[in-house]
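Every read-out reported here was derived from the displayed coordinates using simple, explicitly stated rules and does not represent laboratory data. Remember, predicted model here, so these are calculated numbers, not experimental data. Please note: Cβ atoms are built from the backbone with ideal geometry, for glycine as well, and neighbour counts cover all protein chains shown.
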Amino acid sequence: CEDQHDFCLSFQNAGDLESTLNILNVLDELLSAGTDRRIHYMISKGGSEALLMALVNTASSYSPNYTLLLPILHLLAKVGHRDRRIGVKAEKVDAVLVILRLLRHNVKNSRRAAACLWVIRVFCSSVSTATLLGQNRALDVVFDLIAPPTATHTHTINPDTGPALCVSEENCRTAAGKGYIAGLLKLYEDWHTHDSEHEHLQIRRAFLHCLHKATKICLGRTALVTDGGIDLLYTTVQSCLLSKAAESLVEPSVQLMRKCYPKIPLPLTSDHSAYSFPLPGRPLGVWEDDPGVYDGSFEDDSDEEQENEESDCRDFEDDLESDVGSLTARPEPDRPLEQLQQYTHLFPELQHDFQDLESDSEPEESSDEELLNGDSEEKTKSCRRSTENSRNPDQDGRRCLNARDFRSFSCPQTPEDGSGSMVEKLLEKYGSFIPHHDPRLYIAAAAQTKSVTDYSILAFPDFWGHLPPLGPEPMANRKPHVQRKKVFEDVQRLLCPEDIINRVVFDMEDTSVQCSSDVPTDSLRFFSKFESGNLRKAIHIRRYEYDLILNADVNSSSHHQWFYFEVSGMVANVPYRFNVINCEKSNSQFNYGMQPVLYSVREALEGRPHWVRAGTEICYYRNHFCPNRGQRAPSFYTLTFTVTFRHEEDVCYLAYHYPYTFSALQSHLKDLERSVDPRKVFFRQQTLCNTLAGNSCPLITITACPPSRAWRHLHQLRNRPYVVLTARVHPGESNASWVMRGSLEFLCSNDPVAESLREAFILKIVPMLNPDGVIHGNHRCSLSADDLNRQWLKPNPSLSPTIYHTKGLLYYLNSIGRKPLVFCDYHGHSRKKNVFLYGCSVKETLWQSGSPVNTASLKEDPGYRTIAKTLDRIAPAFSFNSCNFLVEKSRASTARVVVWREMGVLRSYTMESTYNGCDQGIYKGLQTGTRELEEMGQNFCQSLLTLRKNAISYNSRLVSHAAAILDLDNSLLDHKSHNCFEDDEPPCAESIEYSCYSEPQRAEELDAEVNGNTSSTEEEGEEEEEEEEVKEELRNGRRRSQRKSSVLSHMCRQDSLETLSMKSSACNGINISNTYLS
């Protein structure tokens, strides 16, 4: 490096031609050998500036000496490509216009023009430099150099300098305004037509690259569409697919078509939800713009990273809390202490006298008739009728039941006197055989559920129930180029509009559509106006293809992800394509093996009531639709999948994930309550508060009854530590409810571990924090259009009552000196696999944030990791390496952080469950089902035992069940996760986005081009021969380096795809063809 620095100084001080050429030669030899480290060292020592000054000084004469100038240009191109500030440096020494002047003077000299173009290309790394060149009509010069393949007496220059100039939006506007895009399309078509043997793929790819850059602005995209570019690209890419040699042209063409496809507003009357709800203090119909909806700042699931392109570039460490004061301070409560007395009644275990323990009478059970009666009797009858056939059944009530009898959108009719209800006939024929699910209880619960639209129709899977499939369900294998196939089909809509049906077959806001006799018999029928349903509109596109539009969260215009709808009228064994066209997230597990879930009424009636993973040809990618607010709004994403139904005229349901409604929770709680022995299990269901819509938010207390009313037994019960569990704050995270179901059933079971847990803890459980959102099919928000997991800092009692009172309950526990030992909020995660915990740690946050604070003096109980380590040992779906215990500023208002910071709960967690499956352990490669989710809920409760293992009473029965939990048997199967990077998904096999598509040029490729520019043929012009003679004299005796010198190399590999070849024509015209840089 010192020798290199000395040569740079000698180069600056050289006074004669031969010395300068010798120095250039040695410099090039030094830079060509080894790695880029030497070049970067030269740059750091002012090498770029020295070469730029040499260029300016040499080119300033009236007749520049090209024997010297060409080596300078070649070396400057190689060095400049590695200097990020080369453009700015060139502007400072006035080298930009000098190189442009040289290009104008040498348009007929192939070698000189190529050298000038390379230098211009590297100068354009600076937007301001590219703009300056454009203002001086550099585009005109560059595009004049590009000739069609049949031209003679012209010089065909690689068009790669065009994309470099188009880094400037001003230059893009110039290119579109002057018709260069139409010219490029014509040239690309000509080259495609004449290059049947695919000998000039590099040139053709270069044209596509140039078009990509020129269409980065709206004006350029419009020009491409107007000039027939999409039709041309579609036609040429189809022929490229027929030849493996032309495969490299397919992806750039597809991406260009996607980018330029005209933006189309969604076919909706408004971006806002079809449902609205009057909020306290706000007049009905007054909408507030959703903060951060279309500015790319909305966040995804609970503790996930933000789901947009900008977030990927965001420095994660900047979001970490690095202020020790903020991490360790305990904020003041958000309400006066006297207000907390209202929560006393929510702790009956602390006042109950357990007089029933002295009685030997059997517990009373409520009859089904009592559960069905009450104030809601009329609505119960309506819900019953909703499951009946629209046609009157036979008088004897024995008619055979078919799947089509259960289409929920059939207008319910009251059966004639004497005819039995469909529900009773179902139960009479099949019976109720699903554990902890009674259809009668479900109907009774649904009758009491309140909604904006006053749902009276039940979805069959919800009231009939679900059993997990018998076998495992592997992740779906993604076929190569499946997204490309779907994009081609999308492009055909634009090119062949006459083939598109474009008929609305379902509209949530227009009931006449689905009931109309105009709906053809060969069309599928859709419905979603039932609890947790979400499908706003269905449009028939082709015979077996439908576009589906999801409804936004109530009182909102965003958060489209959750879907749940009914479909019927299908033909068996025919593949139907479904496109959910208004998804908002920038990526999805649907790209990594996840499938939607499907429920068949026909299968259920035949004894297989399963939600199963279904769908093929699944992919998720950015589309051309946009919100109605304007074309400048960001695009949506398409989830597309194909379903082949097994049965003719079946009634099926499709959902994002396994549905779990509020009514399902209510009926499940009622079933659990009547299943436990009240002399052993203290199970109490209370109402924490009412929601905005008037639904009750249940609070469950579970613990063990004392053996007797003796003071010591009651004292032991009332001094048990508390554990608080919550779930379903985000309505679309139905997997959280299935995990909670597993926890509830386990805690109420006769399992010896469950018995020990009840004896060791008092568990307070809020199984559904957002009932209103769940009922209305929301994805993320409540009826107030707020993300309730961002309201914990100062929850509004009117707009966020469930959060306000859950926090109040925790405050009350703190006020009586009984802060929870564990708090855990169950969530679902849409971007990662496995199940994992997020917790809070001062030290880990400071370490990760790079804080200079000495953490050695900070005391922190490491017990916050105990549960995660236990779960990693006993739960097959759990991944410890996916856990983190960092406190982010953006999560300051979440339950996890607020309960940790304000209540001082060391073990405050968010538990995330994947929608997809696992990539480690015994479940690796399998999608997660309800069985695995319920198992995870059971495993979490089991892990609590480790916190009290020194206080519980051991017996042989407990030890045999809890050996793995308490780490008593090290020989048991170990489920530990090992690779801490496994949960980070690799880039999708096909590009989800298209706006950022580019073909970056590698330094090695540019070096090869520059090196090739010094090779010559026997019939070169006299001037070039004289230059070669001079260089040949200087080259004698010098050792060639491993990387050939761009100044003196005489030979180049003729078969290399990265060299620039020059062939003289019979008319002495020169044709220069170059690689397209990838």
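Numbers for the structure displayed
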quantity: Förster radius 60 Å - calculated FRET efficiency between Thr150 and Leu427 (Cβ-Cβ, nearest 0.05); calculated: 0.15
quantity: Residue-count net charge about Pro862 - beta-carbon cut-off 13 Å; Lys, Arg +1, Asp, Glu -1; calculated: +2
quantity: Anchor Lys794: lysines whose Cα lies under 18 Å away (excluding residues fewer than 8 positions away in-chain); calculated: Lys807, Lys889
quantity: Least to most buried among Leu52, Leu68 (fewest other Cβ within 10 Å first); calculated: Leu68, Leu52
quantity: Surrounding net charge for Leu906, when Lys and Arg each add one and Asp and Glu each subtract one, Cβ distance under 9 Å; calculated: -1
quantity: Long-range HN-HN contacts of Val504 with modeled amide H, under 5 Å; calculated: His540
quantity: Inter-centroid distance (Cα atoms) of region 198-220 relative to region 809-855, Å; calculated: 50
quantity: Residues of type lysines that Lys833 reaches as a straight line, Cα spacing below 19 Å, ignoring anything fewer than 8 places off in the same chain; calculated: Lys585, Lys869, Lys924, Lys976
quantity: Built amide H within the under 5 Å cut-off of Trp611, gap 5+; calculated: Leu467
quantity: Global geometry of region 835-952, whether rounded, prolate or oblate, following the gyration tensor of its Cα atoms and the 1.5 cut on a/c; calculated: prolate
quantity: FRET efficiency, 1/(1 + (r/R0)^6) with R0 56 Å, evaluated for Asp190 and Lys45 via beta carbons; calculated: 0.75
quantity: Label-point gap, in nm, between Thr222 and Thr687 - each point 7 angstrom along Cα→Cβ; calculated: 5.8
quantity: Gain upon complete extension [Asn955, Glu170; 0.36 nm per residue less C-alpha separation]; calculated: 274.6 nm
quantity: 29 Å Cα-Cα threshold exceeded, pairs from Lys529/Lys764; Lys486/Lys537; Lys263/Lys537; calculated: Lys529/Lys764
quantity: Whole-number percent relative contact order across region 482-655, with pairs defined as alpha carbons under 8 Å at least 6 apart; calculated: 22
quantity: Karplus-derived HN-Hα couplings along region 846-861 (A = 6.51, B = -1.76, C = 1.60, θ = phi - 60°), whole Hz, x at Gly and Pro; calculated: 5, 4, 5, 7, x, 5, x, 5, 7, 7, 4, 7, 8, 9, 9, 5
quantity: Cα gyration tensor category, rounded, prolate or oblate, for region 678-962 with a/c compared to 1.5; calculated: rounded
quantity: Sparsely packed trypsin sites (Lys or Arg not before Pro) within region 707-763, loop by DSSP, other Cβ within 10 Å at most 16; calculated: Arg709
quantity: Computed E for Arg679/Ala856 - FRET, C-beta separation, R0 41 angstrom, nearest 0.05; calculated: 0.15
quantity: Residues whose placed amide H lies under 5 Å from that of Tyr909, excluding near-sequence neighbours; calculated: Phe823, Cys824, Asp825
quantity: Net charge of Cβ neighbours under 9 Å - reference Leu813; Lys, Arg +1; Asp, Glu -1; calculated: +3
quantity: Exposure proxy order (Cβ contacts within 10 Å, fewest to most) of His779, His437; calculated: His437, His779
quantity: Residues Asp83, Asp227, sorted so that the one with the fewest Cβ neighbours within 10 Å comes first; calculated: Asp227, Asp83
quantity: Neighbour cut-off at most 13 other Cβ (10 Å), DSSP loop, chymotrypsin sites (Phe, Trp or Tyr not before Pro), region 36-117; calculated: Tyr62
quantity: Loop-located GluC sites (Glu not before Pro) in region 611-678 whose Cβ has at most 16 other Cβ within 10 Å (DSSP); calculated: Glu648, Glu649
quantity: Estimated distance in nm for a label pair at Asp967 and Ser512, the labels positioned 7 Å out from Cα along Cα-to-Cβ; calculated: 7.0
quantity: Karplus-derived 3J(HN,Hα), 6.51/-1.76/1.60, for each residue of region 85-93, Hz, glycine and proline x; calculated: 10, 5, x, 5, 5, 5, 5, 5, 9
